[in-house]
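Enquirer: I am attaching a structure below and will ask some questions about it afterwards.
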Amino acid sequence: MERKLQSLLSTALKAISDATTQEELDKVRIRFLGRKGELTQILRQMKDVAPEKRPIIGQLANEIRHRLETELTSHIEEVRRLVRLKQLEREQLDITLPGATTTLGHKHPLSLVLEDIVNIFLQMGFDVFEGPEVEYDYYNFEALNIPKHHPARDMQDSFYLTEEILLRTHTSPFQARIMEQVAPELPIRVICPGRCYRRDLADATHSPMFYQTEVLVVDENVSFANLKHTLLVFVREMFGKERSIRLRPSFFPFTEPSAEVDISCFACEGEGCSLCKGTGWLEVLGCGMVHPKVLEIAGYDPSKISGFAAGMGPDRIAMLKYGIDDIRLFYENDLRFLHQF
Amino acid sequence: MRVPYSWLQDYVSEKLPSPTQLADILTLAGLEVDSIERANQLDWVIVAQVVEIKLHPETEHLFVVQVNAGSFGVKQLVTGAQNLKPGLKVPLALPGASLPNGQTIEASRFKGLLSEGMLCSSQELSWEEPEGKETTGILILPRTANPGDSVAQVLQLGDIVLDIEVTPNRSDCLSMIGVAREVATATGAKLVLPQTMVPVPKSNEDEGSLFDITVAAPDLCHRYAGALISNVSLGSSPAWLKQRLMAAGMRPVNNIVDITNYVMLETGQPLHAFDYSKLAQKQIVVRHARPDEVLITLDGTEQKLTEDMLVIADGEKPQALAGIMGGLNSEITTNTDTVLLESASFANINIRRTARSLGMRTEASLRFERGVDPNGVLFALHRTSMLLKELEAGELGSILDVYPEPVTPHVITANPDRMRRLIGASIEDVFIKKALERLQLQVVQESRDTLQVRIPTFRQDLKQEADLVEEVARLYGFDRIPALPLEGKLKIGRRPLELSIELQIKDILRGCGLDEVQTYSFINPKSMAKLKLSPNDNQENLIPLMFPLSEEQSVLRTTLLPSLLEVAAFNLRHKAKAINIFEISRVYLPERMPLTELPSMPRHLAIVLAGTKGEDSWQSKSQENDFYRLKGILETLIHKLGVSGKFVPSALNCYHPGRQATFKMNENEQLASLGELHPDVAESFDLATRVYALELDLSALFMQMELTRKYQPLPRYPSVERDLALTVPQDIEAIVAEEVIREAAGPYLAQLKLFDVYLGEPIPIGYKSLAYSLLFRAPDHTLTEEDINPHIETILQHAAEKLGAFVRH
């Protein structure tokens, strides 16, 4: 009997190690350990064994059962592992094939730049307002200290709709409007983005329609130094921490003093390159202290109240930022262009 | 304003900084230097003396010339020129020279013989020879020129020119002296005024009787001074003068005209020379033009004058358009022996208006428009007098000066404390006073906290304290002013709701795969006609521009569609396969025409789809755009913005009659129209494909938005799902079938979703199959079959009765 058990063990162990699938192992289990399995068959012959040997045989049989079960379990795991392995091997992908395309639309580069500009000023506590694109001559010129036949009107040939109504040539009329609305309350800290129009034939640097963003602060004790700081913060947010600015005296009828603002060229770090035409500086905006006449027209006392204004061209800023050399690309809307943003 | 470097030097006591440094100084002083050019530099063009001339052995059309080129040695040239003689000095362009006409010189062989460069004509050097003395062939240089010297130097070419953009306020800087004053102020040098000569009457003879000046329009002419130039010896100006005029951008004419132009460029005071013999009754009358008067100006144009224009007339008729251009009749000619010279000051607005209405722009009008200092009138005449003498061109007689109301310097009261506060820098009083003095602004009185500053009349732009603030600040240096943060109460920056929503909408649409475009607000009225819009959106609503640049940009748009369709056509022409674009912009709707008040300018959104939704990939071909994609985008948008409403059929001419809809909101207010573009309309826009378009009034949307969200508890009991396919007559609208199902579905229906529409075998002809998935759920218990089945029965029954449906097996 002992011999039979030993031979069963070796046969079963071989069967286990020969099995390569879960099914074969299940069969092995039924064949040897099942209710009618070979081990049970052998143990049925226990009555033929001398009683004093029975406990030894019994123990042996238990050990064999235990051994086989352990073997089976570990072998099943092994087989599963191999099967999974084969499956994984089979399922190898070519990860160099392109991913499935998610078609997201593209924002227009001008919108991107406008949003950037507006967000910077929002974070500095400026409110955003919009002025009308079709505007009265009064707000576009007169209220900004540009009377009829003022030589400054040369600077901006306008699209008139009637004698008194025109497409605004800048976002500055908004200055007059907001001051008129708010005066004598203080402070004013606003930004006004929007479309403007000038009678320029379209070429690489001109467009009859373009964007502008107006910045206006009116309060007690607002100084040119404050203007400089505000612009410096803006320029560094927009063009990078390393940028410096240069203010040059200039002329706008609605600011005094007035200045043009250059930023140090980001392409050459001010060394001089083709982008900055060798000067190391890029002109990005115009600004100044609100002209006392403009304050007066709006209802503020210029001897007590002061303010600053700045106007910048998102088109120009986008051209600089993205290295675009032709303003017409913005309004032509070639998808091959738009898809780059 | 073109300022030749060497010319400017004449008026500055110290040697000028280098041209680039000078450009920086001027730019930072507010005179922006646009460019630094060299006028006609002629590198590698040198003086050569002809030594020997021989005929070319191979041809009789060419000569072989040996020249002495000084330190460059002896050179051999082959030339066809006939005017050479041994001993003459001529310009030689050496290999490497680049001529003003763009030609680059190389050594080359002519019929076997080497030519080491090229002998040049005056034309090739862009050098204008004195009138009547033009040489044919090679330019002959003065005998005094030394072989090997630069020709540019000999001809006084090649000056460096600063091109300065003078802002409209600085009329004083439209002159060499004005710019020099800025240079002197900025560098600490002194301004050196040119030599003048006050004409002295030749005899006691009453020169005043030789001509008479009447200013009949004193409001438009503040001062008029005239003097006669006698003993005129008309001829060409010396080279130095011509070179300076050319470098400054003016063409030399003759010595008299050149001198007047030179003085204008120098002093900023325009002058005009009349042929005295042509002036009827020897009178100058400054008056308004009479109705129907005409004047042929120097450019040969016949100008029709109107009464608001100011003319300089003689006893009979206009002889000049005041401050703009002289008349052809009294032009200086070779027969002129006496000239009447005008130096005057005219009202800027009138000159500007006249110049504009006649479309004329001259150096004189530019200066008068910006404002000429009446107190500079005599200085210009005295300077002219000096130059006439120096050039032996004539003799200026005594001056008749009509100046009824002399302009005197005004005084500005300035408060240094307030100036400092406005600048934001602690600039000392001493600096402020010094700065003003350097600008020739005189502090005439000083009290505890104010300065009385006298403003010379050439600085017409300085009117109030703020103007002085700029002067002090720029002399202090904008770069030295500190950058100080704004002070005040903290506050949040806000964006108006409309703009925030616009951003949100753009994000949603971008998520839907649409590209944003930006198009011009003005369009071609013809493209409106192409849209075949209904009469209530017709062309009478289009606001026209008074002076459009072209018909394409001549009216303000009332709809965004034409622009977007043009963008679509443009991209299709460029082989784009997927057009999925949108724009959010304003449209312009007048209350009434012609316009008396601002139009309403609501924001619109327009979407145009054509071709495919995206790019094909290796996994799948991209879906073709269709009506339902467009509708889906709108549904996504309004769902996100919490707007509800319904789609109803519409009948717009621009859309396919069977493929269009209007979306109406709760209040029955129309929000959007959408559809497949009518094939005729598509064709008229050069769109050879199906196009889907939508336009939406965002201002209407803003009124109906519901952006607040409230949490709904998640269901606690499981749901039961049933699929149902109804075969219904083909003309039954989906929404009708859905309503019938909803009505019959009982209280447990939580969701109803159409998942298939099918026509064809085995569905009978005239029918379609609509397959729905129904989700049932109860809030308080788990549903059983028994809960659901009766409702399914009701649905089938109602569908059969109301829709004529039967269930597909």
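The values are calculated or read from the model by the stated rules, or taken from the named source; none is laboratory data. Just so you know, these numbers come straight off a predicted model, no measurement behind them. In this analysis, Cβ positions are derived from the backbone assuming ideal geometry, glycine residues included, and neighbour counts consider all displayed protein chains. Remember, those area values only see protein heavy atoms, side chains included, never the ligands or the DNA or RNA. Shrake-Rupley method; radii C 1.70, N 1.55, O 1.52, S 1.80 Å.
Enquirer: Through the Karplus equation 6.51 cos²θ - 1.76 cosθ + 1.60, θ set to phi - 60°, convert the phi angles of the stretch B:451-458 into ³J(HN,Hα) values in whole Hz; use x for Gly and Pro.
Expert: Ordered by residue, 3J(HN,Hα) equals 10, 9, 10, 8, 9, x, 6, 6 Hz.
Enquirer: Cα axis of helix B:348-358 to longest principal axis of chain B: angle in degrees, 0 to 90, nearest 10?
Expert: 70
Enquirer: Moving to a separate point now. Note every residue of the stretch B:496-517 with a reduction of at least 10 square angstrom in accessible area, all protein chains present versus the isolated chain, computed with a 1.4 Å probe, or write none.
Expert: B:Pro496, B:Leu499, B:Leu503, B:Lys506, B:Asp507, B:Arg510, B:Gly511, B:Gly513, B:Asp515, B:Glu516, B:Val517
Enquirer: Which listed residue (B:Ala606, B:Val453, B:Gly376) has the Cα farthest towards the positive end of the charge dipole for chain B, taking +1 on Lys and Arg C-beta and -1 on Asp and Glu C-beta about the Cα centre?
Expert: B:Val453
Enquirer: When the solvent-accessible surface of protein heavy atoms is calculated with a 1.4 angstrom probe, in what order do B:Trp7, B:Trp240, B:Trp618 fall, highest first?
Expert: Accessible-area ranking of B:Trp7, B:Trp240, B:Trp618, largest first: B:Trp618, B:Trp240, B:Trp7.
Enquirer: Express the carbon and sulfur contribution to the solvent-accessible surface of the stretch B:576-666 as a percent, rounded to the nearest whole number, probe 1.4 angstrom.
Expert: Solvent-exposed carbon and sulfur of the stretch B:576-666 make up 50 percent of the total.
Enquirer: So, with +1 on the Cβ of K and R and -1 on the Cβ of D and E, and no other charges, what is the size of the charge dipole of chain B about its Cα centre, to the nearest 20 debye?
Expert: For chain B, the charge dipole is close to 1200 debye.
Enquirer: Which residues of the stretch B:402-435 show a drop of at least 30 Å² in accessible area when all protein chains are present, compared with their chain alone (probe radius 1.4 Å, heavy atoms only, ligands and nucleic acids excluded)?
Expert: Those residues are B:Arg418, B:Arg421, B:Leu422.
Enquirer: Now for a separate question. State to the nearest 20 debye the size of the charge dipole of the protein assembly as shown about its Cα centre, where the only charges are +1 on K and R beta carbons and -1 on D and E beta carbons.
Expert: So the dipole magnitude of the protein assembly as shown works out to roughly 4060 debye.
Enquirer: Rounded to the nearest whole Å², what accessible area per residue is found for the stretch B:45-154 with the 1.4 Å probe?
Expert: Accessible area per residue, the stretch B:45-154: 53 Å².
Enquirer: Show me, for the stretch B:634-642, the HN-Hα J-couplings you get by feeding each phi into the Karplus relation (A = 6.51, B = -1.76, C = 1.60, θ = phi - 60°), rounded to Hz, glycine and proline as x.
Expert: Values per residue, Gly and Pro as x: 5, 4, 4, 4, 5, 5, 4, 9, x Hz.
Enquirer: With the cut-off at 31 Å, tell me which of the pairs B:Lys710/B:Lys753; B:Lys530/B:Lys613; B:Lys278/B:Lys389; A:Lys228/B:Lys506; A:Lys107/B:Lys646; B:Lys577/B:Lys631 have Cα atoms farther apart than that.
Expert: Those over the limit are A:Lys228/B:Lys506.
Enquirer: Could you look at the stretch A:2-90 and say what percent of its accessible area is carbon and sulfur, using a 1.4 Å probe and all protein chains?
Expert: Carbon and sulfur atoms account for 53 percent of the accessible area of the stretch A:2-90.
Enquirer: Next question. Using helices alone, what [θ] at 222 nm do you get for chain B, with -39,500 (n - 2.57) per DSSP H run of 4 or more residues, divided over all residues and rounded to the nearest 500?
Expert: -7500 deg cm²/dmol
Enquirer: Just how much of B:Phe547 is accessible, in Å², when a 1.4 Å probe is used and the result is rounded to the nearest 10?
Expert: 130
Enquirer: To continue, here is another question. With every protein chain left in place and a probe of 1.4 Å, what is the accessible surface of B:Val608, to the nearest 10 Å²?
Expert: Solvent-accessible area, nearest 10 Å²: 0 Å².
Enquirer: Report, in degrees rounded to the nearest 10, the 0 to 90 angle that the Cα long axis of helix B:561-573 makes with the longest principal axis of chain B.
Expert: Computed tilt is about 80 degrees.
Enquirer: With a 1.4 Å probe and every protein chain left in place, work out the accessible area per residue of the stretch A:173-219 in Å², rounded to a whole number.
Expert: I get 33 Å² per residue for the stretch A:173-219.
Enquirer: Another question, then. Tally Lys/Arg at +1 and Asp/Glu at -1 over every other residue whose Cβ is under 10 Å from the Cβ of A:Phe308; what's the total?
Expert: That works out to 0.
Enquirer: Related question: To the nearest 10 square angstrom, how much accessible area does B:Lys526 have with a 1.4 angstrom probe?
Expert: Its heavy atoms expose roughly 120 Å² to the probe.
Enquirer: Measure off, as a whole percent, the carbon and sulfur share of the 1.4 Å-probe accessible area of the stretch B:410-480, all protein chains present.
Expert: Its accessible area is 43 percent carbon and sulfur atoms.
Enquirer: Follow-up question, since we're still on this one. Hey, can you grab everything whose amide H is under 5 Å from the amide H of B:His604? Only 5+ residues off in sequence or another chain; H modelled, so Pro and N-termini drop out.
Expert: B:Ser585, B:Arg586, B:Val587, B:Leu698
Enquirer: Follow-up question, since we're still on this one. Residue by residue through the stretch B:173-185, what is 3J(HN,Hα) from phi via Karplus (6.51 cos²θ - 1.76 cosθ + 1.60, θ = phi - 60°)? Round to whole Hz and write x for glycine and proline.
Expert: Calculated HN-Hα couplings, in order: 8, 8, 8, 4, 5, x, 5, 4, 4, 5, 5, 4, 4 Hz.
Enquirer: Next up: Please flag any cysteine in chain A that has no other cysteine's Cβ under 4.7 angstrom from its own Cβ.
Expert: Isolated Cys, chain A: A:Cys192, A:Cys196, A:Cys287.
Enquirer: What accessible area per residue comes out for the stretch A:2-90, rounded to a whole number of Å², with a 1.4 Å probe?
Expert: 71
Enquirer: Quick one: which residues, 5 or more positions from B:Met309 or on another chain, have an amide H under 5 Å from its amide H? H modelled 1.01 Å from N in the peptide plane, none for Pro or chain starts.
Expert: Distant-sequence amide H within range of B:Met309: B:Ala289.
Enquirer: Please report how far the C-alpha centroid of the stretch B:673-689 lies from that of the stretch B:722-766, rounded to the nearest whole angstrom.
Expert: Cα centroid to Cα centroid, the span is 32 Å.
Enquirer: Name the long-range amide H neighbours of A:His170: under 5 Å, sequence gap of 5 or more, or other chain; modelled H, no Pro or chain starts.
Expert: A:Tyr197
Enquirer: Still on this structure, please answer the following. For the protein assembly as shown, what number results from the quotient of the Cα radius of gyration and 2.2 N^0.38 Å?
Expert: Taking N as the residue count of the protein assembly as shown, the ratio is 1.39.
Enquirer: Right, another one. Quick one: order B:Glu390, B:Glu683, B:Glu669, B:Glu129 from most to least accessible surface, probe 1.4 Å.
Expert: The most accessible residue leads, giving B:Glu683, B:Glu390, B:Glu669, B:Glu129.
Enquirer: Name the residue farthest towards the positive end of the dipole of the protein assembly as shown from the options B:Met197, A:Gly270, B:Ser699, assuming +1 on Cβ of Lys and Arg, -1 on Cβ of Asp and Glu, about the Cα centre.
Expert: Of the options given, the answer is A:Gly270.
Enquirer: Hey, another quick one. Restricting to bridges with both residues inside the protein assembly as shown, how much of the DSSP beta-bridge set is antiparallel, in percent to the nearest 5?
Expert: Percentage antiparallel, nearest 5: 95.
Enquirer: Estimate for me the total accessible surface buried between chains B and A (protein heavy atoms, probe 1.4 Å, no ligands or nucleic acids), in Å² to the nearest 100.
Expert: 7800
Enquirer: How many angstrom lie between the C-alpha centres of the stretch B:623-638 and the stretch A:97-139?
Expert: Value for the Cα centre distance between the two parts: 25 Å.
Enquirer: Relative to the isolated chain, which residues of the stretch A:237-255 have their accessible area cut by 50 Å² or more in the presence of all protein chains (1.4 Å probe, heavy atoms, no ligands or nucleic acids)?
Expert: A:Arg248, A:Pro249, A:Phe251
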